[in-house]
Amino acid sequence: SGPIANKSINPLNQFFTEKFIKLKKDSDLKGMRNQAFCYKRVLSALSKYPLPILCVEQAQYLEGVGDTVL
């Protein structure tokens, strides 16, 4: 798997970025490729999202985020 976006444009979202990096790494270690791919998409979207994510509803607008990810 390639490099992961490890920084958010908005510093207030960095907490979420770090959580999803950990989830992706754990999924990679467990061989859960589909789940790791989903987390990678979320990380990519988080790295580009300029606004702070303040609630679940806002997070659902990110590409790759849905009920299963939240």
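The values are calculated or read from the model by the stated rules, or taken from the named source; none is laboratory data. In this text, all values refer to a predicted model and were calculated from it rather than measured experimentally. Glycine also receives a Cβ, built like all others from the backbone with ideal geometry; neighbour counts cover every protein chain displayed. Just so you know, the surface numbers come from the protein's heavy atoms only, side chains and all, with ligands and any DNA or RNA stripped out. Shrake-Rupley method; radii C 1.70, N 1.55, O 1.52, S 1.80 Å.
Points to keep in mind about this one:
- Taking only the Cα atoms of the chain, the radius of gyration and Dmax are 11.3, 33 Å.
- Helices in the chain, meaning DSSP H runs of at least 4 residues, each add -39500 (n - 2.57). Divided by all residues, the mean residue ellipticity at 222 nm is -16000 deg cm²/dmol.
- Using a simple spin-label model with pseudo-atoms 7 Å out from Cα toward Cβ, Ile9 and Gln60 lie 2.3 nm apart.
- Accessible surface of the stretch 26-70, 1.4 Å probe, proportion on carbon and sulfur as whole %: 55 percent
- Karplus 3J(HN,Hα) series, Hz, for the stretch 45-59 with 6.51 cos²θ - 1.76 cosθ + 1.60 (x for Gly, Pro): 5, 4, 5, 10, 7, x, 9, x, 8, 10, 7, 4, 4, 5, 5
- Per residue, the solvent-accessible area of the chain (1.4 Å probe, heavy atoms of protein chains only, all protein chains present) comes to 70 Å².
- Under Karplus coefficients 6.51, -1.76 and 1.60, residue-wise ³J(HN,Hα) of the stretch 27-38 in Hz, glycine/proline x: 5, 4, 5, 8, x, 8, 5, 5, 5, 4, 5, 4
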